[in-house]
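In what follows, a structure is listed as structure tokens, so that the remarks can point back to it.
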Amino acid sequence: MASRTFEEIKAAYSGEPDAGTLDSPAARNGDGDTLLHLAALRGSEADVADLVALGAVVNARGEFGMTALHHAAIAGHIAVAERLLALGADRSAPDDSGQTPAKLAALGSHTELAALLHPTRRRGGGR
């Protein structure tokens, strides 16, 4: 169960482009991103968990075919990435350019996160 309502979470993102137009956890802004994408990019683990509990789709593709996990990878947010993985995020999903979250993390020099997101890595830390 979410600790905050969708409206409460949305209010925290009022400065983001088109965030005010979002009317549900699955709604998309002008770029095709959901509030979950924005929360992952911002690094808000609590908002990610609450949005999924409220019905956000973990593997929804937004702008450039990116998922919330791609956004967490770009920004280097390890805790958010771990939460998304626990919620069912697909670590092997490529964006429209063929880049996986692991590749985007590596390109941003987030080496620990890139290792965590590597597509062959299994839950629990094994390979």
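The values are calculated or read from the model by the stated rules, or taken from the named source; none is laboratory data. Quantities reported herein were computed from a predicted structural model and do not represent experimental measurements. Methodologically, a virtual Cβ is constructed for each residue, glycine included, from the backbone with ideal geometry; neighbour enumeration extends over all protein chains shown.
Which of (1) over 26 Å from ALA27 (Cα atoms); (2) surrounded by fewer than 24 Cβ atoms within 10 Å (Cβ to Cβ); (3) not hydroxyl-bearing (Ser, Thr, Tyr) does LEU113 not meet, given it meets every other one? Of the numbered conditions (1) over 26 Å from ALA27 (Cα atoms); (2) surrounded by fewer than 24 Cβ atoms within 10 Å (Cβ to Cβ); (3) not hydroxyl-bearing (Ser, Thr, Tyr), the odd one out for LEU113 is (2).
In the stretch 97-110, which residues are surrounded by fewer than 18 Cβ atoms within 10 Å (Cβ to Cβ) and assigned to a loop (DSSP other than H, G, I, E, B)?
Initially, the stretch 97-110 is screened for residues surrounded by fewer than 18 Cβ atoms within 10 Å (Cβ to Cβ), giving 97-98, 107-109.
Residues satisfying the conditions are SER97, GLY98, GLY108, SER109.
With respect to the conditions (1) out of contact with any Gly (no Cβ under 6 Å at 6 or more places or on another chain); (2) modelled with pLDDT of 95 or more; (3) of a type outside the set (A, V, I, L, M, F, W, C), GLY124 falls short on a single one, namely (2).
Scanning the stretch 77-96 for residues that are crowded, with 18+ Cβ neighbours inside 10 Å and assigned to a loop (DSSP other than H, G, I, E, B), we see that the one that is farthest from the chain's Cα centre (by Cα) is ASP95.
Name every residue in the stretch 1-34 that is of a type in the set (Phe, Trp, Tyr) and under 23 Å from PHE64 (Cα atoms), in order of residue number. Before you say what the answer is, go through the steps one by one.
Restricting attention to the stretch 1-34, the residues satisfying the condition of being of a type in the set (Phe, Trp, Tyr) are 6, 13.
Of everything in the stretch 1-34, just one residue is of a type in the set (Phe, Trp, Tyr) and under 23 Å from PHE64 (Cα atoms), namely TYR13.
Taking each residue of the stretch 1-30 that is among the charged types (D, E, K, R) and looking for partners that are assigned to a helix (DSSP H, G or I) and at pLDDT 95 or above with beta-carbon atoms closer than 7 Å, six or more apart or interchain, yields ARG4/ASP50; LYS10/LEU35; GLU16/LEU38.
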